[in-house]
Amino acid sequence: MGDSDDDEPQLSAHTLAALQEFYTSTGPDATPADKFAVGAVGENWNMSQFWYDDETATRLAEEVIHEAGDGGRIACVSAPSVYQKLKQGALEGSDHVSVVVLEFDRRFATYGDDFVFYDYNEPLALPAALRGSFDVVLADPPYLAHECLAKVAQTVKFLSKGKVLLCTGAIMEDDARDLLGLKMCDFLPKHNKNLANEFRCFANYTSHLLSG
Ligand SMILES: C[S@@+](CC[C@H](N)C(=O)[O-])C[C@H]1O[C@@H](n2cnc3c(N)ncnc32)[C@H](O)[C@@H]1O
């Protein structure tokens, strides 16, 4: 092997940009805005990851802050963008609620004690202390299928004190009603990438999202 610069292993511009982004969001100088930026953990489509756009993440975060109330507890089930938006410290009232992110993707373990590993295939394999402890449970299941929503519904019931907000495909309307007593809202959640399926929110309380 020679010792000229030409022999040095080279990183592609794409890899360098990804590394730069990682260090910016996790390094010692990272601000809460960096660490909790939506997209700080990149989408992995193999895990059905489609992040909300900023407006939707903000709207959902404001909704759960309002519904949880001062001192309230919020569970984000397979909905890490809303967790991140709540933790950025930029929304009024966000420092008066506590929030946990239940996720299958262990990259979110970077959020320490706020992270709870969750696999919908084992819907009740959760710490006993979480039972009935959340004022608002927001869930966005990975798949648009009855089997998936039925299992996520078990988790939601386990965690919930009452208020439930579900974001999923419009085609899940009947299941959302039958499994969790949820009603479709007018508000249209949007993602950073356009999805083929129409997405909607469903709630079991009189939500601000009901009227768009
Ligand atoms: C459709 S995305 C919802 C993300 C949401 N739109 C957001 O921006 O936060 C589905 C989520 O389910 C998670 N997921 C994938 N496999 C899962 C599993 N087996 N159990 C629970 N969650 C899973 C993904 O990591 C992803 O966060």
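Does S94 fit the bill of being more than 25 Å from R177 (Cβ to Cβ) and either surrounded by 15 or more Cβ atoms within 10 Å (Cβ to Cβ) or within 11 Å of the ligand (Cβ to nearest atom) (or both)?
Criteria met by S94.
Would you please list the contacts, defined by Cβ atoms under 6 Å and residues six or more apart or on different chains, that run from a residue in region 37-55 that is more than 18 Å from L86 (Cβ to Cβ) to a residue that is within 6 Å of the ligand (Cβ to nearest atom) and aromatic (F, W, Y)?
What qualifies is E43/W51.
Please go through region 66-85 and pick out each residue that is out of contact with any Pro (no Cβ under 9 Å at 6 or more places or on another chain) and either of a type in the set (S, T, N, Q) or more than 11 Å from the ligand (Cβ to nearest atom) (or both).
Within region 66-85, H66, E67, A68, G69, D70, G71, G72, R73, I74, A75, S81, Q84 qualify.
Results for (1) under 16 Å from the mean Cα position of the chain (by Cα); (2) modelled with pLDDT of 95 or more; (3) not aliphatic (A, V, I, L, M), shown as yes or no for each residue.
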position	(1), (2), (3)
A145	no, yes, no
T155	yes, yes, yes
F158	no, yes, yes
R177	no, yes, yes
L180	no, yes, no
K183	no, yes, yes
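Give region 167-199 a look and list any residue that's more than 11 Å from the ligand (Cβ to nearest atom) and under 18 Å from C76 (Cβ atoms), or say none.
Within region 167-199, A176, L180, L182, C185, F187 meet the criteria.
Out of all the residues in region 60-106, which are over 23 Å from G42 (Cα atoms) and free of Cβ contacts under 8 Å to residues at least 24 places away in the same chain?
D95
Which residue pairs have Cβ atoms closer than 7 Å, lie 6 or more positions apart in sequence or on different chains, and pair a first residue in region 145-156 that is in contact (Cβ under 8 Å) with a residue 40 or more places away in the chain with a second residue that is in a helix (DSSP H, G or I) and away from the ligand (no atom under 12 Å from the Cβ)?
So the pair list comes out as V156/L180.
Counting only residues that are among the hydrophobic types (A, V, I, L, M, F, W, C), under 12 Å from the mean Cα position of the chain (by Cα) and more than 7 Å from the ligand (Cβ to nearest atom), which one in region 41-65 is farthest from C201 (Cα to Cα)?
It comes out as V41.
Just need a number here: residues in region 99-146 that are more than 16 Å from the ligand (Cβ to nearest atom), surrounded by fewer than 15 Cβ atoms within 10 Å (Cβ to Cβ) and within 22 Å of F36 (Cβ to Cβ).
Residues meeting the conditions: 2.
Tell me the residue from S94, S160, S78, S133 that is touching a Gly at 6+ places or on another chain (Cβ under 9 Å) and closer than 23 Å to Y205 by Cα, please.
None of the other options fit; the residue is S160.
So how many residues does region 200-212 have that are in contact with a strand residue (DSSP E or B) (Cβ under 6 Å, 6 or more places away or on another chain) and either surrounded by 21 or more Cβ atoms within 10 Å (Cβ to Cβ) or over 22 Å from L126 (Cβ atoms) (or both)?
Of the residues in region 200-212, 6 are in contact with a strand residue (DSSP E or B) (Cβ under 6 Å, 6 or more places away or on another chain) and either surrounded by 21 or more Cβ atoms within 10 Å (Cβ to Cβ) or over 22 Å from L126 (Cβ atoms) (or both).
The values are calculated or read from the model by the stated rules, or taken from the named source; none is laboratory data. The structure presented is a predicted model; accordingly, all values stated were derived computationally and were not measured. Glycine also receives a Cβ, built like all others from the backbone with ideal geometry; neighbour counts cover every protein chain displayed.
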